[in-house]
1. Determine ³J(HN,Hα), in whole Hz, for all residues of the range 142-147 in sequence, where each value follows from phi through the Karplus function 6.51 cos²θ - 1.76 cosθ + 1.60 and θ = phi - 60°; x replaces Gly and Pro.
2. Looking at the range 1-92, which chymotrypsin sites (Phe, Trp or Tyr not before Pro) are in a loop (DSSP not H, G, I, E or B) and have at most 15 other Cβ atoms within 10 Å?
3. Compute, for the chain, the length of the dipole vector about the Cα centre, with Cβ point charges of +1 (Lys, Arg) and -1 (Asp, Glu) only. Units Debye, rounded to 20.
4. Positive end of the charge dipole of the range 1-72 (Lys, Arg +1 and Asp, Glu -1 on Cβ, about the Cα centre): tell me which of 62, 10, 23 has its Cα farthest that way.
5. Helix-derived [θ] at 222 nm for the chain: sum -39500 (n - 2.57) over DSSP H runs of at least 4, divide by residue count, nearest 500?
6. Pairing the Cα long axis of helix 107-124 with the longest principal axis of the chain, what angle in degrees results, from 0 to 90 and rounded to the nearest 10?
7. Let me see the pair-distance distribution of the range 1-83: every alpha carbon pair, 10 Å bin width, integer percents in order.
8. Which three semi-axes in whole Å describe the equivalent ellipsoid of the chain, each the square root of 5 times a Cα gyration tensor eigenvalue, listed largest first?
Amino acid sequence: MMNSNDRLKNVSWGVFPVHKIFIVDYGTKLDLGKMTHDNPTISFVSRSSINNGVSDYVDEIQGVIPYKSGSITLALGGSLGACFVQNSDFYTSQNVAVITTKEQLSLETKLFITRMMTFECQTKYQAFGRELNSHLKTDLTVSLPISEDGNPNWKFMHDYISLSLIHI
């Protein structure tokens, strides 16, 4: 049986512009200090690299629709490149992008994507230099396994993470 590294070496890879394969948004850009906590039911995602980026739980704001669970968040500052799949509805602080998939993808596939996004962002971008936020909707790319038809190989990503989890 092939190990994880061999599986990654034996698949074809392609570079994809993030804004072309996903829906990219700049988040709700809210200030945690101005949020209320009377009946906190909504996750508040900041630029943190711990706790899935969730720094608090806040009240829902009338007229501000929270992002849906299953969306991917990406820190554009702070813990630059910290990327997570959110497991509950959420708001974001400033400099947190929200990435949603154009098609239904499994959690395993999204976990693969978040690891690749974190790697790409942390190796190519830096605060006060080549800043990630100015590249988010233009030329930010991510390397992903590619299928024979030239599209991201979602099945490989799903299977890779599923098999990796079995061996933990």
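1. After applying 6.51 cos²θ - 1.76 cosθ + 1.60, I find 9, 7, 9, x, 10, 8 Hz.
2. Passing sites in the range 1-92 are 26.
3. Numbers: 14 positive and 16 negative charges, 83 e Å.
With Lys and Arg at +1 and Asp and Glu at -1, about 400 debye.
4. 10
5. Values: 4 runs with 41 residues, N = 168.
About -7000 deg cm²/dmol.
6. 90 degrees
7. All Cα pairs, binned at 10 Å, distribute as 14, 36, 27, 14, 8, 1 percent.
8. Working: eigenvalues 171, 65, 40 Å².
They are 29, 18, 14 Å, listed from largest to smallest.
The values are calculated or read from the model by the stated rules, or taken from the named source; none is laboratory data. Please read all numbers here as calculations on a predicted model, not as lab measurements. Positions of Cβ are generated from backbone atoms using ideal geometry, with glycine treated the same way; all protein chains shown enter the neighbour counts. What goes into the accessible areas is simple: the full protein's heavy atoms, side chains included, and nothing from ligands, DNA or RNA. Shrake-Rupley method; radii C 1.70, N 1.55, O 1.52, S 1.80 Å.
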